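One structure is given below, encoded as C-alpha cells.
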Amino acid sequence: MSDFVVGINPVKETLLHSERRLLELWVVREKQNERLAELVSLAERKQVKTRFVERRDIQRLAGQVPHQGVLLKVAAFIFSDLDKVVSEWKNTDEPAFFLLLDGITDPHNFGAMLRSAELAGCQAVIVAKDRSCPVTAVVEKTAAGALSHIPLCQVVNLTRTIEELKKNGIWCYGLAGDEGSSDLFATDLRGNIALIVGSEGRGVRPNVRNHCDGLLAIPMRGKLDSLNASVAVGIALFEVLKQNR
C-alpha cells in the first residue's frame, strides 16, 4: 500500500524528515524551476527514483489538491504508538502537551490543526479510530510537512485515553463555547496539559466532556457565535505555549 504527498514544501519536508519509506518522486516534464530542481537533487541524494511525467499524470492522483508540479509516492501512513510517546515524554523535563481531536473529519481543518500542533510544540496529536479524517493528500498538503515532525496517534477509545493521561498527571481540558466554560485566557494552563477539540458542528461529544477536568472558551466580542475549528485550536495551543514559556 502507498500514499502520496503533493506540493513543494510538503514533499521537501517528507524527503528530509519522514520515517516513511520513500518510493518515487514524480516531477512535471516541462522546464524545471529552482525549487523543483532542488527536490530532484534531494531525491537523488536520498536514492529515491525520480520519474518525469506529464502534468495530467500528477493531476490525476492529486485531484483538486494544488500539486505545484510534484508528487512523492510514500509507503502507507503508520500511526505512532501512544504508550511509547508518553513513555518518552516521562524521560524528559518538558511539560506534557497533547492535542486530542474528537470527530474532526474535514481534511483542511485536520491538516491545519496538525500544523499548529507541531509549531506549538505538542508531543503528539491523538485521534480516535472512528469518526476521524484519514491521512490523505489534502491533509498532508495542508499540514505543510508537520507529519514529518510530530507523532500522530490513533486510539480506539478517546475517553479511556483521557483517563490514562490524567493518571499520568496531565490536566485535560475540552475546548467549548458553552455558557459556564472558563475563560481560556484567565485559566492557569501551566504544567502538563492536554487539549480536547471537537468538530465544528457538534463540538466535543458529551461523554468526552464528562471526562475532561474542565471546559475552556475563547472570549469573543463580535456578533458571530463561533470560530473556525482550526483557528480556535491555534489560539488555544499558543495560549498554552505562552503560559509555559
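The values are calculated or read from the model by the stated rules, or taken from the named source; none is laboratory data. These numbers were taken from a predicted model, which means no experiment stands behind them. When we count neighbours, we look across all protein chains shown, and the Cβ atoms used for this are built from the backbone with ideal geometry, even at glycine. Heads up: the accessible areas ignore ligands, DNA and RNA and are worked out on the full protein's heavy atoms, side chains in. Shrake-Rupley method; radii C 1.70, N 1.55, O 1.52, S 1.80 Å.
Shape call for the range 1-127 from the C-alpha gyration tensor, a ≥ b ≥ c root eigenvalues: rounded (a/c under 1.5), prolate (a/b greater than b/c) or oblate? Because a/c hits 1.5 or more and a/b exceeds b/c, the range 1-127 counts as prolate.
Under 5 Å from the amide H of L23 lie the amide H atoms of K73, V74, A75, each residue being 5 or more positions distant or on a separate chain, with H modelled from the backbone and absent for Pro and chain starts. Reducing the range 160-201 and the range 55-73 to their Cα centroids gives an inter-centroid distance of 38 Å.
Surface composition of the range 131-245: carbon and sulfur atoms hold 49% of the protein heavy-atom accessible area at a 1.4 Å probe. Using a probe of 1.4 Å, the accessible surface attributed to K166 totals some 60 Å² when neighbouring protein chains are kept in position.
Label reach from V40 (point 7 Å along Cα→C-beta): in the range 60-93, amide nitrogens under 14 Å belong to 69-71. Straight-line cross-link partners of K223 among the lysines, defined as a Cα under 29 Å from its Cα and at least 8 positions apart when in the same chain: K242. Put simply, the convex hull of the Cα atoms in the range 177-245 casts, on average, a shadow of 4.9 nm².
Compute the relative contact order of the chain as a whole-number percentage, counting only Cα pairs closer than 8 Å that sit 6 or more residues apart in sequence. Value for the chain: 21 percent. Note down the accessible area of R29, probe 1.4 Å, to the nearest 10 Å². For R29, solvent-accessible area is about 140 Å².
For the range 91-106 versus the range 1-32, the inter-centroid distance based on Cα atoms is 27 Å. In units of the compact-protein estimate 2.2 N^0.38 Å, the range 42-193 shows a Cα radius of gyration of 1.23. Less than 5 angstrom separates the built amide H of F97 from those of Q123, I193, all sequence-distant by 5 or more or on a different chain.
For the range 48-147, the tally of Lys pairs with Cα-Cα distances below 28 Å comes to 9, considering only residues 8 or more apart or on different chains. Extension gain, K166 to R56: 0.36 nm times the residue separation minus the Cα-Cα distance gives 34.6 nm.
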